[in-house]
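Contents: one structure, followed by commentary.
The values are calculated or read from the model by the stated rules, or taken from the named source; none is laboratory data. Everything numeric in this text was worked out from a predicted model, so none of it was measured. A quick note on method: Cβ atoms are made from the backbone with ideal geometry, for glycine too, and the neighbour counts reach across all protein chains shown. Accessible surface is based on the protein model in full, side chains and every heavy atom, while ligands, DNA and RNA are left aside. Shrake-Rupley method; radii C 1.70, N 1.55, O 1.52, S 1.80 Å.
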Amino acid sequence: MPLRDQRSTWLPKFNYQVWILAIGRLLSQTGSGFTLFYAPIFFVNQVGLSATQVGLGLGSAAVSGVGGRVMGGSFSDSPTWGRKRTLLLSAAISAIASFVLAAAHNFPMFVAGNLLMGLGIGLFWPASEAMIADLTTPIERNEAFALNRLCDSLGLGLGVVLGGAVISLTPAYWLLFVIDGISFLVLLAVVHWALAETYKPGASQAAIAGWGEALRDRRLLTFSLVNVLFTTYIIQLNSTMPLYFTNFVWVSETSKGFSPIVLSALFTGHLVLMGVVQLPVARWLNRVSRVRALELSVLLWSLGFGLVWVTGVTRGGAIVWASLVMVLLSLATVTYLPAASSIVVDLAPVSLRGVYLAVNSQCWAIGQLIGPPLGGWALDNSPTAAHAFWLGLALSGGAALWILRVLGRMLAK
């Protein structure tokens, strides 16, 4: 088979703007990778904030994120704003937030930076995913959302690696946040110059009426319940687990904590694996319903969190258990991400895609509000509470499966 034909069998054929948006997200997430992984460690171990304060600060992004997502959904469905202008506003606010965090040396400035970041990210997701939905057919959406998540993962992985290299050369953690801000400015330029507006207004409808219709959709609300659990899981992976692996895991009979190099390798491997399997998994998921895909993801999350507990309480083979954890949670994440976005687009009227995706995105805000403070509280209490925290997350998968069964019956009707 000619090389060109071979490539056509695995490389999705999308509108060029889907690829441009994916590349823009790759650049932006590279900057985020510099900070997402290292921020809790930096603000706890160097700035001197407590784990609870860092959890509250990271969780404060959810407060502004709620407003940002409401604005993002309404702006995306507005003939005056549309998807593109909303993305431009998001990139500008996120860049400012990164520069504020670069200068933060106390709790109030840390909170201010996170509030701005929450607003910027809140504006971004409804507009970005609505644009992807506009540019794809239903059969393409799993892979289109997966492509963008793939670029997110590759960018984060590259950012973690480069961030680790920077930290090995200089203790100037503030430089990571400056680089993050520059990456958002690059995203702003890509959106401005390379993307066209995709929103085509239909019948005019007040933004409040659109939100009212979405919030009366029992299918969407039922999905949102389980989606809050999923987003809380992902937040724990990114905010609580690095600090847990640094301060609570026995790497030998006498010492605790993976070194920064080992920790970076674990999470980089996690992101690389996500990048490798994201598109094949998304294509395979076209064979099953969205609900079945989410049920599989729940099982993988529960098993992975159970093994985090094993990693923390054993005094031998911690690196092996941790590696297995990252494999399972990589598979759980790539199974969840495209199915969750696609199911919301399936439920949404075309004229309300931005609002419906904003409701979906609010689940991330709620997960951000719950996850870091809960994880920080568990780590600040005692080793017993820190270890038991992961067992609690594993057991919560039972509630998620029950909600998904209810949702499946609703969709069947």
Near pairs, Cβ below 8 angstrom, 6+ apart or cross-chain, from region 104-127 (over 17 Å from LEU176 (Cα atoms) and without any contact (Cβ under 8 Å) to a residue 40 or more places away in the chain) to any residue that is assigned to a helix (DSSP H, G or I) and open to solvent by 30 Å² or more (accessible area, probe 1.4 Å): ALA112/VAL100
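In this structure, does SER28 turn out to be closer than 30 Å to TRP284 by Cβ, crowded, with 18+ Cβ neighbours inside 10 Å and touching a residue at least 24 places away in the same chain (Cβ under 8 Å)? Working first, answer last.
Details: closer than 30 Å to TRP284 by Cβ: yes; crowded, with 18+ Cβ neighbours inside 10 Å: yes; touching a residue at least 24 places away in the same chain (Cβ under 8 Å): yes.
Judged against the criteria, SER28 is a match.
Got a number for residues in region 56-88 being of a type in the set (S, T, N, Q), in a helix (DSSP H, G or I) and farther than 19 Å from GLY24 by Cβ? Explain how you work it out, then say what you get.
Taking region 56-88 and keeping what is of a type in the set (S, T, N, Q), we get 60, 64, 74, 76, 78, 80, 86.
Going one step further and asking which of them are in a helix (DSSP H, G or I), we end up with 60, 64, 74, 76, 86.
Subset that is farther than 19 Å from GLY24 by Cβ: 60, 64, 74.
Number satisfying all stated conditions: 3.
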Subset of region 59-88 [open to solvent by 30 Å² or more (accessible area, probe 1.4 Å) and modelled with pLDDT under 85]: VAL63, VAL66, PRO79, THR80
Some residue of region 314-324 being assigned to a helix (DSSP H, G or I), within 19 Å of the chain's Cα centre (by Cα) and surrounded by 17 or more Cβ atoms within 10 Å (Cβ to Cβ): no
Qualifying position, being β-branched (Val, Ile, Thr) and over 18 Å from the mean Cα position of the chain (by Cα), among THR231, THR268, THR240, THR246: THR246
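Test ALA400 against the stated conditions and say whether it is among the small types (Gly, Ala, Ser), open to solvent by less than 40 Å² (accessible area, probe 1.4 Å) and touching a Leu at 6+ places or on another chain (Cβ under 7 Å).
On the way: among the small types (Gly, Ala, Ser): yes; open to solvent by less than 40 Å² (accessible area, probe 1.4 Å): yes; touching a Leu at 6+ places or on another chain (Cβ under 7 Å): yes.
Here the answer is yes, as ALA400 does meet what is asked.
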Residue tally, condition closer than 17 Å to ALA144 by Cβ and surrounded by 24 or more Cβ atoms within 10 Å (Cβ to Cβ), over region 346-360: 5
Residue match in region 130-148 (condition: more than 28 Å from ALA39 (Cβ to Cβ), modelled with pLDDT of 90 or more and among the basic types (Lys, Arg)): no
Candidate set: region 89-124, residues that are open to solvent by 20 Å² or more (accessible area, probe 1.4 Å), of a type in the set (Gly, Ala, Ser) and assigned to a helix (DSSP H, G or I); chosen: the one nearest to GLN46 (Cα to Cα): ALA112
Some residue of region 125-133 being over 17 Å from the mean Cα position of the chain (by Cα) and either open to solvent by 10 Å² or more (accessible area, probe 1.4 Å) or more than 24 Å from GLY57 (Cα to Cα) (or both): yes
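Scan region 47-56 and tell me whether some residue there is β-branched (Val, Ile, Thr), under 17 Å from the mean Cα position of the chain (by Cα) and modelled with pLDDT under 85. Even if it seems obvious, please write down each step before you answer.
Start the filter on region 47-56 by keeping residues that are β-branched (Val, Ile, Thr), which leaves 47, 52, 54.
Restricting the remaining residues to those that are under 17 Å from the mean Cα position of the chain (by Cα) gives none.
No, the conditions are met nowhere in region 47-56.
Does region 233-278 hold any residues that are of a type in the set (Gly, Ala, Ser) and open to solvent by less than 30 Å² (accessible area, probe 1.4 Å), and which are they? Can you show your working first?
As a first pass, look at region 233-278 and keep what is of a type in the set (Gly, Ala, Ser): 239, 252, 255, 257, 259, 264-265, 269, 275.
Across region 233-278, the qualifying residues are SER239, GLY257, SER264, GLY275.
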Members of region 145-187 found to be open to solvent by 20 Å² or more (accessible area, probe 1.4 Å), touching a Leu at 6+ places or on another chain (Cβ under 9 Å) and among the aromatic types (Phe, Trp, Tyr), listed by number: TRP174
Which listed residue is polar (S, T, N, Q) and at pLDDT 75 or above, from SER183, SER204, SER153, SER168: SER183
Any hit, region 322-338, residues being modelled with pLDDT under 85 and among the small types (Gly, Ala, Ser): no
Among the residues listed as LEU294, LEU221, LEU303, the single one being assigned to a helix (DSSP H, G or I), open to solvent by less than 60 Å² (accessible area, probe 1.4 Å) and either in contact (Cβ under 8 Å) with a residue 12 or more places away in the chain or on the phi < 0 side of the Ramachandran plot (or both): LEU294
Residue list for region 365-390, restricted to those being touching a helix residue (DSSP H, G or I) at 6+ places or on another chain (Cβ under 7 Å), within 21 Å of SER302 (Cβ to Cβ) and open to solvent by 60 Å² or more (accessible area, probe 1.4 Å): ILE366, ILE370
Top-ranked residue in region 334-355 [being β-branched (Val, Ile, Thr) and touching a residue at least 60 places away in the same chain (Cβ under 8 Å); ranked as farthest from LYS200 (Cα to Cα)]: VAL334
Residue in region 295-312 that is more than 18 Å from the chain's Cα centre (by Cα), modelled with pLDDT under 85 and not hydroxyl-bearing (Ser, Thr, Tyr) present: no
